[in-house]
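Student: Below you'll find the structure I mean.
The values are calculated or read from the model by the stated rules, or taken from the named source; none is laboratory data. It should be emphasised that the depicted structure is a prediction, and the values quoted were computed from it without experimental measurement. Glycine also receives a Cβ, built like all others from the backbone with ideal geometry; neighbour counts cover every protein chain displayed.
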Amino acid sequence: MSDIENGLPEISFAEWFRQTVGEHSEIFWDINDCGEQSGTAADRGRDFPMCVSANTQIVANLYVSVNIQFGSFKLGLTKTKPVVRSINAGDELASEWVDNLIDLPDKVDDLRLTFGWLDPNGGEFRISDASSTAFDTLTLRVKTMEHTAEGMYVPVAWSGNVMFRGHEYKMTSLATDSKNMQFETTAYRGISFRFVGKLAVTQHADVGEGIMHGRMTKLLRGKRSAEADLVFDHIQCPVNRMK
């Protein structure tokens, strides 16, 4: 990176981009012509520039891309200083141009706040304080988004479950946004759950301690049998086991 722009560290472009966008963001790499082909007769015989492009979707509406020229398709890689052709960050409709690579990490952090929300997908809510014996082992999983075959992160019908003492209770009437979450569950052997809570989120987070606070009620045949104010951590899981 120090060979590309002054003030940047002596690490690879791949490592720097990974640090900038976060370890949970899937990065798509591409070799392209830096957008210079016109598709007309003027292209015949030209030696088009060769760019390496890194693209990622950090959250549902936050995209980041960097395009850097390292040579040309006829001459191959050059020993001259790479040329930054474009730096973009934002959503699909209002992507912002960033002037310098050194400014991109701060821009990404600012946009995380703009598009800030908790992404509950691929993770698990676990009780921070296990002192409430009535709800020990209880965990929550919520699905609101998924990746398509093309790699886009798109909304899907909300679903979720409560795991409690070895049984899955499917959520019904699930409602969640950047500030609140509430649901009820189906019953198993007369037991069901109801939850109303708030998300303590100021920016996008995959992993968070004390990230949700709320009132959990355990019902037995529709009547309250236990109730507690709970605090949940959100833990990113390598495999989403939610059905």
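The rows are residues; the columns are (1) of a type in the set (Lys, Arg); (2) over 30 Å from Val154 (Cβ atoms); (3) in contact (Cβ under 8 Å) with a residue 60 or more places away in the chain.
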residue	(1), (2), (3)
Ile31	no, no, no
Gly35	no, no, no
Cys51	no, no, no
Asn67	no, no, no
Phe73	no, yes, no
Arg85	yes, no, no
Asn88	no, no, no
Trp97	no, no, no
Asn100	no, yes, yes
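Student: Considering only region 129-149, state which residues are in a loop (DSSP other than H, G, I, E, B) and at pLDDT 80 or above. Working first, answer last.
Tutor: Initial filter on region 129-149 (in a loop (DSSP other than H, G, I, E, B)): 129-132, 136-138, 148-149.
Residues satisfying the conditions are Asp136, Thr137, Leu138, Thr148, Ala149.
Student: Filter region 136-181 down to the residues that are among the hydrophobic types (A, V, I, L, M, F, W, C) and over 22 Å from Gln236 (Cβ atoms) and list them by number.
Tutor: Of region 136-181, the ones among the hydrophobic types (A, V, I, L, M, F, W, C) are 138, 140, 142, 145, 149, 152, 154, 156-158, 162-164, 171, 174-175, 181.
Passing the criteria: Ala149, Ala157, Ala175.
Student: Collect the residues in region 199-225 that are in a strand (DSSP E or B), surrounded by fewer than 19 Cβ atoms within 10 Å (Cβ to Cβ) and at pLDDT below 90, keeping them in residue-number order.
Tutor: Within region 199-225, Glu209, Gly210 qualify.
Student: Does Asp103 satisfy the condition of being modelled with pLDDT of 90 or more, in a helix (DSSP H, G or I) and out of contact with any helix residue (DSSP H, G or I) (no Cβ under 9 Å at 6 or more places or on another chain)?
Tutor: yes
Student: Also, I was wondering about something else. Among (1) of a type outside the set (S, T, N, Q); (2) within 18 Å of the chain's Cα centre (by Cα); (3) surrounded by 13 or more Cβ atoms within 10 Å (Cβ to Cβ), where does Phe164 come up short?
Tutor: Phe164 satisfies every listed condition except (2).
Student: For region 1-20, give me each residue that is exposed (fewer than 15 other Cβ atoms within 10 Å of the Cβ) and assigned to a helix (DSSP H, G or I).
Tutor: Result: Ala14, Glu15, Gln19.
Student: Counting only residues that are among the acidic types (Asp, Glu) and modelled with pLDDT of 95 or more, how many does region 150-178 have?
Tutor: Result for region 150-178: 1.
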